[in-house]
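We did not get these values from a lab; they are worked out from the coordinates using the rules stated. Computed from a prediction, not measured in an experiment: that's the story for all the values here. We place every Cβ from the backbone using ideal geometry, glycine too, and count neighbours over all the protein chains shown.
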Amino acid sequence: MRKRLYVITGIFCLAGLVWVASSKQRKPAPAQMRAIIKSAEQLLTAKKIDQAIEELQDLAEVAPENEQAAFLLGHCYYQKKNYADAARYFLKISADSELYQPALINAAKACLQSANMEQAEAALQRFLEVSPNSPQAITELQWLYFNQLRLREAQNLLRAKLLQAENPYPLLYHLLQMEFKPPIAQESIALLKRINQAEPGQASILLALGYCHWKLGQIEQARDLIEQSLTINPERLETILTAADFYLETGDEQKCETILQPQKAYPVELEKLLQQDDRWHFLKCRLYFQQKELPRALEEMQLALKINPHEIQYLQQCGTIHQASGHYEEAQQMFQKVKILASSHQQLYQIVASGALENPTREDCQQIASYLETLGKPLQARLWKEIASSI
């Protein structure tokens, strides 16, 4: 009898445990979920972050579609400086949620804090797709590019935002500062090393580190890092261009040819991007010129100039090719253009170096506009004129 009683009691205990476990897995009613969210918000405000996380994770387990819970979890982990988990939860928010934009910008911040630069870049780019004129996102992405020595991408970003900006002055200011005060390898390498130690294997960081070592004359270290980046992402435009430039400069003509004239064609979209990039044609021009194939070098140089007709080094190279081909009149025309552009470029440099951009006078703005017009930058020139007229 006693044995039978023990069995019945055990069955009831087991059933009770199963009921408790199943009740924890049961999705709360909408009102209960709102109460949990409100409680977690209060706990977060009171800095009781671990308790907030416990409540929110229980909710997230049984109601993974509850994006408020994910969003708050992101904030909790950010407060705890667990940036990887913060980014993970922020990135769970779907594109049709009202929390999508703040989640993306917070994800980008968390990724920057955890040195996950490629994920931060992706989040910022997605944010700008839905909020294209956000000064905060533009600034964050601008400095991300700048710190990785990706000057062309930073400049393209700012130029693309000029017309939509309520106040274009900061963009105009940074465009000039970047042109005349670009990132320096000696100053950038320490930051890039710290990022690479914290989050190894990011193709863009390896490439930037390789570029720094190259410019510092540390060729073997540069080669290893650039090739690592190329292996990780062989179809990345900036990696292809930098690697080809590196091989050309260091005399590895065979590897340079492998990139510029691959046996297997690049994917269609990448090939289209390459053909639209003046640097691609300039690299091919330099390779052909080095190989003394002057007609092909001139053809590529003309393609580069068609895309970017006021680039001083392109005009200089074009003049050099004409001169080497015995076309002295054409060469002289190119060199004359170089002289005119170089003069305006030098005058503009002096204005930037003087610090006048910090608080430009009407005359400064008018002079800047004049030099920019000569240098083939009409939009920037027009906007500087508008600033001048408002002073």
Could you size up the charge dipole of the chain around its Cα centre, putting +1 on the beta carbon of Lys and Arg and -1 on that of Asp and Glu, and report it in debye to the nearest 20?
-> 1540
Send over the Kirkwood Rh of the range 343-385, from the inverse of the averaged 1/r over different Cα pairs, rounded to one decimal Å.
-> 10.1
The chain, relative contact order [Cα under 8 Å, separation at least 6], % = 7
Once Lys and Arg are counted +1 and Asp and Glu -1 for all other residues with Cβ under 14 Å from that of Gln228, the total becomes -1
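Mind ranking 40-51, 229-240 by how tightly packed they are, going by the mean number of other C-beta atoms within 10 angstrom, highest first? Intermediate results must be reported in sequence, preceding the final value.
Numbers: 40-51: 15.1, 229-240: 18.4.
In decreasing order of mean packing, 40-51, 229-240 become 229-240, 40-51.
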If Lys and Arg each add +1 and Asp and Glu each add -1, what is the summed charge of the other residues whose beta carbon sits under 12 Å from the beta carbon of Leu303?
-> 0
When every alpha-carbon pair in the chain is counted, what percent end up more than 30 Å apart?
-> 57
For the cross-link pairs Lys48/Lys92; Lys48/Lys81; Lys181/Lys215; Lys215/Lys284, which exceed 19 Å when the distance is taken from alpha carbon to alpha carbon?
-> Lys48/Lys92; Lys215/Lys284
Cross-link partners among aspartates and glutamates for Lys47, C-alpha distance below 20 Å, same-chain residues fewer than 8 apart left out?
-> Glu55, Asp58, Asp85
Under Karplus coefficients 6.51, -1.76 and 1.60, residue-wise ³J(HN,Hα) of the range 377-388 in Hz, glycine/proline x | 10, x, 5, 4, 4, 4, 5, 5, 5, 5, 5, 4
Karplus ³J(HN,Hα) for the range 99-109 (6.51 cos²θ - 1.76 cosθ + 1.60, θ = phi - 60°; Hz, whole; x = Gly/Pro) runs 8, 4, 5, x, 5, 5, 5, 5, 4, 4, 4
